[in-house]
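The values are calculated or read from the model by the stated rules, or taken from the named source; none is laboratory data. The structure presented is a predicted model; accordingly, all values stated were derived computationally and were not measured. All Cβ positions, even for glycine, are placed from backbone atoms using ideal geometry, and neighbour counts span all protein chains on display.
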Amino acid sequence: MPKTENEKGFVDVANGRYKPKGVFHIPEANQPIFNKDTGKLAGITNPRDMTYMHSYGGEAPFFEGLGKGKLMATRCDNEKCDTKGSIYQPFRIYCPDCLRKNTVIDMTDLAKTTAKIHSYIITHRSGAFNSLPKPIKFINIEFEGVVTILMSVLAVGEPEFDKKVLPIFNTKSPTYTITDLRFVVEGTSESELPEGFTF
Amino acid sequence: MIKFSDKQLKIPKLMRPVYLATVGMSKFDRAFPETRTEELCIQAFTAAADFVNMTPSELKQYIHTCYYGHFADHFGDQLLGESVIHDRLGLDPLGNIGVKTGGATGGSTMWEAVKAVASGYSDCTLALGWERMDEVPTDEGNHLISAAADKDWETPLGHIYTGYYAVMAQRYWKIFGKEEDSFRDTMAEIAVKNRGYARMNPHAQAPMKITIEDVKNSPIVAYPLRALDCCLMSVGSACGIVCDEKTAYEITDNPLRIYIAAGSHTLRVADRRNMTIPLLPNETPDTYKDLAKRFPGSDRYPGFTGFLAARMAAYYAYRMAGIKDPIEDLDVIELHDAFTISDIQSYEDVGLRPYGEGRDYIESGDAYLTNPQTKKPGKLPSNLSGGLIGCMHAVGATGLMQIAEIGYHIWNRWDEIHEPQEKWDVFGRKKPDDWTSLQVKGAKRGLAISHAGVGSHVTAAILMHPNNLLKED
Ligand SMILES: [Zn+2]
């Protein structure tokens, strides 16, 4: 059953500490597990409802950008680095070669003009806590001049190798997770986008 | 890194020879609702003692340090599970440590155990692994597995690891398999082969007598992968004991030499960058000069189609052990057949065939105990245990099961482990009427590959009979 507003837990950061407020776990009694054939005790259940806090740290500009319709990436600008100029999407805070802090760049336009499918897979399966509609169309996206290949999902259209795709963003009710970024095939109209998403 | 220095490419060196003295395995199954993990670990350890005609307490007298492979703590609701097992095995107060490298955990555990002996720190170490994924509901289990992907960039996308993995299979299927029916059949043949071999293994969880058509008609998991293309989810334990020369010969008159090396690559497939192919001893730069011409779309290495970690593990291990050509120099192999297609990919990573031509290892019949075309012995039989598809994938134990199985062949004692009716009875499994020995006749050298997920960690363990080494120490 979904939690009521009073039962939800919220967290702020203040004075350099996480400040949780609200309800974070609703205790539920354990139950015995019996062998139906022998009637003997086999074990117990241990139900638990927990909340993790993920710090985005230096990646925060990426996740915040999605809700504003922006795809942020990073680039190594270290003159002395062998791989200087490499653009990273997934966003990497530090260059994997020289370990100097990368420059944050806005690659929204680059994505809108050059994104294409490198590989894909369609699956009807998911794990607990999944929030994406099924089937899930996983796609891996190449961008011109980017040295890595981002994973995301295709929200509208059918995936094919080298097919051009466009990013869409959950700007109306951002969750601040990677699911705020999805892609659609070229030619998709605004009205076909999932609830809350814009180009 | 995309360029490697000479120091990074140094061939690993064991400071003294290391020997595998004994191995053991438990029964493997999808679930053991009425068995605690320690019971399975004790089963594996006791089997290792039996194998060298010792009692468990006699064998324990030799052990100096313990390495425990167990990947997914969060499945068991128990941190420091290694300590629980260590105590139940009665091995306190010896030093012990847990090892976790996803699907490669078993191999990595052995990697650590071997180094401890090679360095002289210990004369005898235990590498013991286990896993249990049966103690949560399946959808929560899928989520827990997906937690091995990047928690912010991947896991929220469906909480389903298969999705992150299968995009590589798709790319290989299109670029190297060219979406041919014949390639689809070759994938299916691996599933038929490994499940068929599992029929001769009382430890195996999913023996099946099936056809290529059965595989191709099984439910789609993520196209092109179908249910029968995929490995098992298992519970069980396996172990191995490694020693210096003197101690090894105190435990057994027939220990095997062991060499082992490891490689790694990015946890997110997304982070893979292009690089030149590191070459194995049986390859030259010419091997790949027209690869992109022959297979359009294969211009990225490793791209989504190769596993750099497996390539590097083989790169180091072959040179450590003096292997020039794995097909010629090895007699038996256990590969990490998580999926039929990734099995094909790994043939290329470890040099059984050049990149792009992995399918030929199956199609030629080389991968069989008896080549189905020539009816002669296959050149390098693979996964006679049944592999991850037919025998088990109890993550922390898998790499150790593979090493054990290779050992049984070289010891020429495969039948003793797999044939006795009593074992089939104890495990509650029916021995097939057409049971046949899969012992590789005259096996002297073998390889076991242990591999994590999308290729984050891979180990290559090479076993050799000490009379058949390829390189001076
Ligand atoms: Zn740099």
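Summary of values
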read-out	value
Any pair with Cβ under 6 angstrom, 6 or more apart, that starts in the range B:382-406 at a residue that is of a type in the set (D, E, K, R) and ends at one that is not in a helix (DSSP H, G or I)	B:E405/B:E334; B:E405/B:S385
Answer from A:I87, A:I122 - the residue that is under 24 Å from A:V165 (Cα atoms), away from the ligand (no atom under 16 Å from the Cβ) and among the β-branched types (V, I, T)	A:I122
Residue selected from the range B:215-229 under the condition part of a strand (DSSP E or B) and surrounded by fewer than 23 Cβ atoms within 10 Å (Cβ to Cβ), by the criterion modelled with the highest pLDDT	B:R226
Options A:I87, A:I117, A:I122, A:I44; residue that is out of contact with any Lys or Arg (no Cβ under 6 Å at 6 or more places or on another chain) and among the β-branched types (V, I, T)	A:I44
Flag for B:A147 being aliphatic (A, V, I, L, M) and under 28 Å from A:V153 (Cα atoms)	yes
Unique match (being surrounded by fewer than 24 Cβ atoms within 10 Å (Cβ to Cβ) and closer than 18 Å to B:Y172 by Cβ) among B:D349, B:D360	B:D360
Scan of the range B:166-175 for residues that are buried (at least 23 other Cβ atoms within 10 Å of the Cβ) and either more than 7 Å from chain A (Cβ to nearest Cβ) or hydrophobic (A, V, I, L, M, F, W, C) (or both), ordered by number	B:A166, B:V167, B:M168, B:A169, B:Y172, B:W173
Of all residues in the range B:253-276 being within 14 Å of chain A (Cβ to nearest Cβ) and among the charged types (D, E, K, R), the one that is surrounded by the most Cβ atoms within 10 Å (Cβ to Cβ)	B:R272
Test: residue in the range A:132-139 that is surrounded by fewer than 16 Cβ atoms within 10 Å (Cβ to Cβ), basic (K, R) and within 16 Å of the ligand (Cβ to nearest atom)	no
Residue in the range B:99-122 that is of a type in the set (V, I, T) and closer than 16 Å to B:A248 by Cα present	yes
Failed criterion for B:H203 (all others in (1) farther than 30 Å from B:F304 by Cβ; (2) over 22 Å from the mean Cα position of the chain (by Cα) hold)	(2)
Positions within the range A:44-61 being under 30 Å from A:E7 (Cα atoms), more than 9 Å from every other protein chain (Cβ to nearest Cβ) and either within 16 Å of the ligand (Cβ to nearest atom) or not charged (D, E, K, R) (or both), in sequence order	A:I44, A:T45, A:P47, A:M50, A:T51, A:M53, A:S55, A:G57, A:A60, A:P61
Residue selected from the range A:72-82 under the condition over 30 Å from A:R17 (Cβ atoms) and in contact (Cβ under 8 Å) with a residue 24 or more places away in the chain, by the criterion farthest from the ligand (Cβ to nearest atom)	A:A73
Test result for A:K164, among the charged types (D, E, K, R) and away from the ligand (no atom under 16 Å from the Cβ)	yes
Residue satisfying all of: in the range A:130-153; closer than 16 Å to B:R272 by Cβ and in a loop (DSSP other than H, G, I, E, B); farthest from the other protein chains (Cβ to nearest Cβ) among these	A:F143
Test: B:E131 is surrounded by fewer than 24 Cβ atoms within 10 Å (Cβ to Cβ), away from chain A (no Cβ under 14 Å) and within 24 Å of the chain's Cα centre (by Cα)	no
Positions within the range B:431-448 being of a type in the set (A, V, I, L, M) and closer than 23 Å to B:R199 by Cβ, in sequence order	B:L438, B:V440, B:A443, B:A448
Per-region count, the range B:192-242, residues more than 14 Å from chain A (Cβ to nearest Cβ), β-branched (V, I, T) and farther than 26 Å from B:A72 by Cα	5
Scope the range B:391-425; condition among the small types (G, A, S) and not in a loop (DSSP other than H, G, I, E, B); matching residues	B:G396, B:A397, B:G399, B:A404, B:G407
Flag if B:A147 is crowded, with 24+ Cβ neighbours inside 10 Å and within 13 Å of chain A (Cβ to nearest Cβ)	no
Test: residue in the range B:416-429 that is of a type in the set (F, W, Y), in contact with a Phe, Trp or Tyr (Cβ under 8 Å, 6 or more places away or on another chain) and touching a residue at least 24 places away in the same chain (Cβ under 8 Å)	no
Filter pass, B:Q421 being more than 23 Å from the chain's Cα centre (by Cα) and modelled with pLDDT of 95 or more	yes
Top-ranked residue of the range A:99-111 - restricted to ones that are farther than 16 Å from B:D271 by Cα and not in a helix (DSSP H, G or I), ranked as farthest from the ligand (Cβ to nearest atom)	A:D106
Leading residue by the ranking (surrounded by the most Cβ atoms within 10 Å (Cβ to Cβ)) among those in the range A:74-94 that are within 12 Å of chain B (Cβ to nearest Cβ) and not in a loop (DSSP other than H, G, I, E, B)	A:Y88
Positions within the range B:1-22 being in a strand (DSSP E or B) and of a type outside the set (G, A, S), in sequence order	B:Y19, B:L20, B:T22
The range B:23-47 - residue that is outside any loop (DSSP other than H, G, I, E, B) and of a type in the set (A, V, I, L, M, F, W, C) and, of those, nearest to the other protein chains (Cβ to nearest Cβ)	B:L40
Which listed residue is more than 14 Å from the ligand (Cβ to nearest atom) and either touching a His at 6+ places or on another chain (Cβ under 9 Å) or within 12 Å of another protein chain (Cβ to nearest Cβ) (or both), from A:G65, A:G127, A:G157, A:G69	A:G127
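To keep it simple, each residue is scored yes or no on (1) modelled with pLDDT of 95 or more; (2) of a type in the set (D, E); (3) in a helix (DSSP H, G or I); (4) surrounded by 19 or more Cβ atoms within 10 Å (Cβ to Cβ).
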| position | (1), (2), (3), (4) |
| --- | --- |
| B:A49 | yes, no, yes, yes |
| B:N53 | yes, no, no, no |
| B:L59 | yes, no, yes, yes |
| B:C66 | yes, no, no, yes |
| B:Q78 | no, no, no, no |
| B:E82 | yes, yes, yes, yes |
| B:G106 | yes, no, yes, yes |
| B:A113 | yes, no, yes, yes |
